[in-house]
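Asker: One structure is given below, represented as structure tokens, and several questions about it will come after.
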Amino acid sequence: MKVYLRDRITAGIGIGVLTVLVGMSYYYSIRTEIAANQALIDRDAPDFIAHNIAVTEFNPDGSAERRLFAEYAEHYADGRMSSIKPRMVTLSAEEPQVRATADTGQSMDGGETFTFNGNVLVTRAGDLKDPPMRFSTPFATVYPDTSRLETTAPVVLEHGADVTTGIGITLDNVDRTVNIHTNVKSIFAPRRDNSGN
């Protein structure tokens with residue numbers, strides 16, 4: 001059996017092509033595995049970290065709606081956020097200013113809701129219709145887009161000189177309503193008689 005030079009060249013080219021295909025296949029399998037591992041690492045690593053931040057949110061008409069502050073904040077690629085010493089202040093000129101503070105804050109849905117934990121304190125300035133309001137609770141869920149706050153924890157609500165305690169609260173800043181869910185106890189300060197008596 002004669003082996004011609006042409007057959008040797010064809011066999012060599014075939015072996016070369018197979019070697020390149022095997023090498024490329026191995027390279028891409030390793031690269032895919034590294035990318036998958038990197039994605040797992042990146043999911044648990046924040047995409048940015050900030051210290052002493054202040055963020056202003058605006059209405060569609062361009063007016064400032066609220067300002068958020070934090071001593072420390074982390075943001076993740078999937079929309080999760082966490083912060084230390086978060087503070088929120090409303091900026092509407094037409095409404096009494098509302099302030100909220102807590103030890104920590106977290107959002108798991110890109111900022112649609114925030115969970116505040118530890119020493120949650122919410123205050124609303126007084127105006128001609130209502131006296132100042134202040135309430136405290138261990139934790140609360142804030143819904144920024146609808147200006148609502150809810151908790152199932154014990155609360156202390158001070159409305160002017162009146163003090164109300166209970167378990168759970170729903171506060172609606174748009175309607176200016178407060179609903180304490182259970183175990184409601186109130187202490188009302190004496191009212192002045194405006195008739196002159």
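The values are calculated or read from the model by the stated rules, or taken from the named source; none is laboratory data. These numbers were taken from a predicted model, which means no experiment stands behind them. Ideal geometry is used to build each Cβ from the backbone, glycine not excepted, and the neighbour counts take in all protein chains shown. When the accessible area is computed, the model is the full protein with side chains, heavy atoms only, and any ligands, DNA or RNA have been set aside. Shrake-Rupley method; radii C 1.70, N 1.55, O 1.52, S 1.80 Å.
Asker: Read through the labelled values [x] 1.43; [y] 0.96; [z] 1.04 and report the label of the one computed as Rg/Rh (Cα atoms, Kirkwood Rh) from the structure.
Answerer: Of the labelled values, this structure produces [x].
Asker: Accessible area, 1.4 Å probe, largest first: how do Y76, Y27 sort?
Answerer: Y27, Y76
Asker: Which value, in Å² rounded to 10, gives the accessible area of K85 with a 1.4 Å probe and all protein chains present?
Answerer: The accessible area comes out at roughly 90 Å².
Asker: Between I84 and M108, what is the label-to-label distance in nm when each label sits 7 Å out along the Cα-to-Cβ direction?
Answerer: Modelled inter-label distance: 2.3 nm.
Asker: Compute the signed sum of charges (Lys and Arg +1, Asp and Glu -1) over the other residues within less than 15 Å, Cβ to Cβ, of T165.
Answerer: 0
Asker: Any chance you could look up the accessible area of I13 with a 1.4 Å probe, heavy atoms only, rounded to 10 Å²?
Answerer: It works out to around 100 Å².
Asker: Also, quick follow-up: Applying 1/(1 + (r/R0)^6) with R0 = 30 Å to the Cβ-Cβ distance of N52 and Y143, what FRET efficiency is obtained, to the nearest 0.05?
Answerer: Efficiency computed from Cβ-Cβ geometry: 0.70.
Asker: Placing unit charges on C-beta atoms (Lys and Arg positive, Asp and Glu negative, everything else neutral), compute the dipole magnitude of the chain about its Cα centre in debye, rounded to 20.
Answerer: Charge dipole of the chain: 640 debye, to the nearest 20.
Asker: State, to one decimal in nm, how far the label point of H181 lies from the label point of D61, with both points 7 Å from Cα in the Cβ direction.
Answerer: With each label point 7 Å from Cα toward Cβ, the separation is 3.6 nm.
Asker: Now for a separate question. Along the Cα→Cβ direction, 7 angstrom out, place labels at D162 and R191. What is the inter-label distance in nm?
Answerer: 0.9 nm
Asker: Pulled fully out, how much extra length does the chain show between A35 and E71, if you take 0.36 nm times their separation in residues and subtract their Cα-Cα distance?
Answerer: 9.6 nm
Asker: Using the heavy atoms of the protein chains alone and a 1.4 angstrom probe, what is the accessible area of the chain per residue in square angstrom?
Answerer: Per-residue value: 68 Å².
Asker: Tell me, what is the 1.4 Å probe accessible area of F114, in Å² to the nearest 10?
Answerer: Counting only protein heavy atoms, F114 exposes about 40 Å² to solvent.
Asker: Roughly to the nearest percent, how much of the accessible area of the chain is carbon and sulfur, given a 1.4 Å probe?
Answerer: Solvent-exposed carbon and sulfur of the chain make up 58 percent of the total.
Asker: Between beta-carbons, use under 12 Å as the cut-off and find the net charge around T141, counting Lys and Arg +1, Asp and Glu -1.
Answerer: That sum, taken over residues with Cβ under 12 Å, equals -2.
Asker: Here's another thing I want to ask about it. What is the list of residues in the stretch 110-125 whose amide nitrogen lies under 14 Å from a point 7 angstrom out from the Cα of Q97, following Cα to Cβ?
Answerer: 123-125
Asker: So for E57, E94, E71, what's the accessible-area order with a 1.4 Å probe, most first?
Answerer: Heavy-atom accessible area, descending, gives E94, E71, E57.
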